[in-house]
Amino acid sequence: MEIVIRNAVREDMSSVLQLIKELAEFEKEPNAVEVTRNELEDAGFGEHKQFDCFVAEVEQNIVGMALIYFRFSTWKGKTVHLEDLIVTEEMRGKGVGQALYRRVLKFALDQGVKRVNWVVLDWNKPAIEFYERSGATILSNWWQVEMEEPALKAYIGN
């Protein structure tokens with residue numbers, strides 16, 4: 001089986017959105033996806049590009065993707081954030097995820113960043129074990145913090 005990793009193009013965003021929805025189901029949040037194909041197209045390929053995306057193809061079918069963007073760390077400088085790495089359920093365990101992961105890390109090295117960061121759910125033991133085997137550090141003493149739009153509005157007073 002040949003796995004082809006390539007840069008995503010605008011026309012891939014329908015497949016990317018399907019993968020995002022599959023990830024949301026896997027993460028037990030099936031109704032959480034609000035982003036649209038048009039938003040992905042504009043954010044990834046519009047005038048103000050906000051992310052890069054790699055897709056994995058097997059037999060010319062998109063079976064995985066990794067979406068990344070640059071961040072700036074006050075300690076490290078330019079870093080890459082891996083927002084999501086997704087492989088279709090039927091293709092998991094066949095090297096697709098590892099190929100995408102390697103592509104993201106190679107991209108980061110090529111860009112001269114000092115760190116790549118991402119989050120993983122505490123119950124996703126296979127992913128945690130894979131990341132640890134690869135040399136990544138799982139930080140158990142940091143908590144991810146986020147504020148959704150209703151809380152933003154409530155706090156600001158809108």
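A compact table of results
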item	result
Residue 44 being crowded, with 18+ Cβ neighbours inside 10 Å, of a type in the set (Gly, Ala, Ser) and at pLDDT 95 or above	yes
Residue in region 48-58 that is surrounded by 14 or more Cβ atoms within 10 Å (Cβ to Cβ), of a type in the set (D, E, K, R), touching a Phe, Trp or Tyr at 6+ places or on another chain (Cβ under 8 Å) and free of Cβ contacts under 8 Å to residues at least 60 places away in the same chain present	yes
Residues that are hydroxyl-bearing (Ser, Thr, Tyr) and surrounded by 11 or more Cβ atoms within 10 Å (Cβ to Cβ), drawn from region 114-158	131, 134
Entirely in region 1-90, the strands (runs of 3 or more DSSP E) that have 1 or more residues that are among the small types (Gly, Ala, Ser) and touching a strand residue (DSSP E or B) at 6+ places or on another chain (Cβ under 8 Å)	52-58, 61-73
Close pairs (6 angstrom Cβ cut-off, 6 or more residues apart or separate chains): without any contact (Cβ under 8 Å) to a residue 24 or more places away in the chain in region 21-45, among the β-branched types (Val, Ile, Thr) anywhere	21/33; 24/33; 33/20
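The values are calculated or read from the model by the stated rules, or taken from the named source; none is laboratory data. Since this is a predicted model, take the numbers as computed values, not measurements. Reconstructed Cβ throughout: ideal geometry from the backbone, glycine too, with neighbour counts over all protein chains shown.
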